[in-house]
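Structure record follows, encoded as structure tokens.
Every number here is computed from the coordinates shown, using simple stated rules; none is lab data. These numbers were taken from a predicted model, which means no experiment stands behind them. Don't worry about glycine lacking a Cβ; one is built from the backbone with ideal geometry, like all the others, and counts go over all protein chains shown.
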Amino acid sequence: MSEPTPARPGTIFGQEPAVILYVINALVAFLVTIPAVGLTEESAGWVMTIASGIVALLVAVLTRPWVVSALTGALSTILTGLASFGFPITEQQSAAAVILVSAVLGLVLRANVTPKNGPVTPTVVVGNYHEAFRPRR
């Protein structure tokens, strides 16, 4: 059995920072809508917008090219602010919009950026790649 690869600098738990941070952003958007948290609709909007901005900044710092990350993060933060304050929708609808934006932009961004310190190395290898894809005779 192979040893787990240690986390590399510029990654989170050895994985892609953009994907993990956008998942965290979606979780924050979900959590602020739970009544037990006790946030008003306006304060939930502020939390979601600020969290989106922080995620955008962290993704831009941890990935390259940073311009793609920064533009995508700015779009995400603007859309979050519009969903929270610009449209007459409920707190739950706003959170659903933020979750959707996080999911879509996280997937789009993942295909266009890499961690700052290089691509993530796989941690588990099953079989031999060259043997599996060699043409049969």
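The amide H of Thr114, built 1.01 Å from its N in the peptide plane, has Arg64 as neighbours under 5 Å, considering only residues 5 or more places off or on other chains.
Peptides 95-107, 30-42, 48-60, ordered by how many other C-beta atoms sit within 10 Å of their residues on average, highest first, read 48-60, 95-107, 30-42. Using equal-weight Cα scatterers in the Debye expression, the normalised intensity of segment 26-120 in log10 at q = 0.11 Å⁻¹ is -0.32.
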